[in-house]
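> What follows is a structure written as structure tokens; I'll ask about it next.
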Amino acid sequence: MEVERHEITVRSLPLAPVACTLDGGALADREREWQALLTGALRSSRVVDGGVELRLRDAAGVEDHARRLAEAERGCCPWFDTAITREPAQREVVVRMVAADRVGAATLAAMFGVSGRAAVP
């Protein structure tokens, strides 16, 4: 199976408070942006060690949209990090978000509606 990898940048995260710096209106806008991406592209989601993994259809614009959202999240939610890879054989873009602790991992699962037990790497 061929896996194409781009910019895998999961950092060693310091323990940080699980908090978002966006105000109510900006947070609602961000939720709508994620929903717009996931509504048309989400194939599957699951809990992984430290967070969640979203598998998206590798269609035009999906990877760029995911990268823009990941970069935006970096600015307001430094308590988790995101790695994005492409798996051409499955025609998928994989978005993996991980946090430094159990609270962060569980928060990511709740944010993206992924059920299962969150673990810490």
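> Arg5: more than 14 Å from the chain's Cα centre (by Cα) and at pLDDT 95 or above, yes or no? Break it down into steps so the answer makes sense when it comes.
Working: more than 14 Å from the chain's Cα centre (by Cα): yes; at pLDDT 95 or above: no.
It is false that Arg5 is more than 14 Å from the chain's Cα centre (by Cα) and at pLDDT 95 or above.
Okay, residues lined up against (1) at pLDDT below 95; (2) under 17 Å from Ser115 (Cα atoms):
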{"residue": "Val52", "(1), (2)": "no, yes"}
{"residue": "Arg55", "(1), (2)": "no, yes"}
{"residue": "Glu63", "(1), (2)": "no, no"}
{"residue": "Gly75", "(1), (2)": "yes, no"}
{"residue": "Ala83", "(1), (2)": "no, no"}
{"residue": "Glu87", "(1), (2)": "yes, no"}
{"residue": "Arg91", "(1), (2)": "no, no"}
{"residue": "Arg96", "(1), (2)": "no, yes"}
{"residue": "Ala100", "(1), (2)": "yes, no"}
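> Looking only at the range 16-25, filter to residues that are out of contact with any Pro (no Cβ under 8 Å at 6 or more places or on another chain) and touching a residue at least 40 places away in the same chain (Cβ under 8 Å); which one of those is nearest to Ala106 (Cα to Cα)?
Quick first cut of the range 16-25, residues out of contact with any Pro (no Cβ under 8 Å at 6 or more places or on another chain) only: 17-25.
From what's left, touching a residue at least 40 places away in the same chain (Cβ under 8 Å): 17-22.
Values: Pro17: 13, Val18: 10, Ala19: 13, Cys20: 15, Thr21: 19, Leu22: 20 Å.
If we take residues in the range 16-25 being out of contact with any Pro (no Cβ under 8 Å at 6 or more places or on another chain) and touching a residue at least 40 places away in the same chain (Cβ under 8 Å), then Val18 is nearest to Ala106 (Cα to Cα).
> Further, regarding this structure: Surrounded by 16 or more Cβ atoms within 10 Å (Cβ to Cβ), under 22 Å from Asp23 (Cα atoms), touching a Phe, Trp or Tyr at 6+ places or on another chain (Cβ under 9 Å) and touching a residue at least 12 places away in the same chain (Cβ under 8 Å), is that true of Ala99?
On the way: surrounded by 16 or more Cβ atoms within 10 Å (Cβ to Cβ): yes; under 22 Å from Asp23 (Cα atoms): yes; touching a Phe, Trp or Tyr at 6+ places or on another chain (Cβ under 9 Å): yes; touching a residue at least 12 places away in the same chain (Cβ under 8 Å): yes.
So Ala99 passes the test.
> Continuing with this model, one more query. Go over the candidates Val93, Val47 one by one and state the one that is surrounded by 19 or more Cβ atoms within 10 Å (Cβ to Cβ), closer than 23 Å to Ala19 by Cα and among the β-branched types (Val, Ile, Thr). Working first, answer last.
Values: Val93 fails: closer than 23 Å to Ala19 by Cα.
After ruling out the rest, the residue left standing is Val47.
> From (1) exposed (fewer than 15 other Cβ atoms within 10 Å of the Cβ); (2) modelled with pLDDT of 95 or more, pick out the condition that doesn't hold for Pro17.
Unmet for Pro17, out of (1) exposed (fewer than 15 other Cβ atoms within 10 Å of the Cβ); (2) modelled with pLDDT of 95 or more: (2).
> Could you please tell me which pairs satisfy a Cβ distance under 6 Å, a separation of 6+ or placement on different chains, a first residue in the range 43-65 that is of a type in the set (Gly, Ala, Ser), and a second residue that is surrounded by fewer than 18 Cβ atoms within 10 Å (Cβ to Cβ)?
Gly50/Val120; Gly50/Pro121
The values are calculated or read from the model by the stated rules, or taken from the named source; none is laboratory data. Because the structure is a prediction, the values reported are computed rather than measured. In this analysis, Cβ positions are derived from the backbone assuming ideal geometry, glycine residues included, and neighbour counts consider all displayed protein chains.
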